[in-house]
1. Over the heavy atoms of residue 50, what accessible area does a 1.4 Å probe trace out, to the nearest 10 Å²?
2. How far apart, in nanometres, would the label points at residue 12 and residue 29 be if each is projected 7 angstrom from Cα along the Cα-to-Cβ direction?
3. If amide hydrogens are placed 1.01 Å from N in the peptide plane, which non-local residues have theirs closer than 5 Å to the one on residue 8?
4. Whole-Hz Karplus ³J(HN,Hα) for the range 45-50, in order, using 6.51 cos²θ - 1.76 cosθ + 1.60 and θ = phi - 60°, x for Gly and Pro?
5. Using a 1.4 Å probe and ignoring any ligands, DNA or RNA, find the accessible area of residue 32 and quote it in Å² to the nearest 10.
6. Karplus couplings for the range 12-24 from phi (6.51 cos²θ - 1.76 cosθ + 1.60, θ = phi - 60°), rounded to Hz, Gly and Pro as x?
7. Across the range 31-41, in residue order, what do the Karplus-derived ³J(HN,Hα) couplings come to in whole Hz, using 6.51 cos²θ - 1.76 cosθ + 1.60 with θ = phi - 60° and x for Gly and Pro?
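The values are calculated or read from the model by the stated rules, or taken from the named source; none is laboratory data. Here the structure is a predicted model, which means the values were calculated and not measured. We place every Cβ from the backbone using ideal geometry, glycine too, and count neighbours over all the protein chains shown. These area figures cover heavy atoms from the full protein model, side chains too; ligands, DNA and RNA do not enter into them. Shrake-Rupley method; radii C 1.70, N 1.55, O 1.52, S 1.80 Å.
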Amino acid sequence: MAENENPVASSAEEVLKRYTNMVLRIAFQIVKTTAGAEEVGQEVFLKWQIRHPRFESLQQEKDYMVQLAINTSRNYLHTSWARYTGALTETFY
């Protein structure tokens, strides 16, 4: 706790504002669909809300959110729903 003597205790609103874009981008890179990325994003923030961890710094909080987004995205790919639905390979006009 060199920089900050108090552990970081972020509210749900602060976490949403701070990490929504990052989590959705990570999820989209892995699951390849907008709907899948949004579903992963909801699950990531739900997991954070349930666990509500405290961190020593904002960097630790960010690292946690990145890893949670990656792991949740990978888990999503293993669900039967993700296997049977996927990105469209053709563009329809």
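1. Accessible area of residue 50: about 130 Å².
2. Distance between label points: 2.8 nm.
3. Amide H neighbours of residue 8: 55, 56, 57.
4. 6, 5, 4, 4, 4, 5
5. Surface accessible to solvent at residue 32 totals approximately 120 Å².
6. Taking θ as phi minus 60°, the curve returns 4, 5, 5, 5, 4, 5, 6, 10, 4, 4, 4, 5, 5 Hz for the range 12-24.
7. Here the 3J(HN,Hα) series is 8, 6, 10, 5, 4, x, 5, 5, 5, 4, x Hz.
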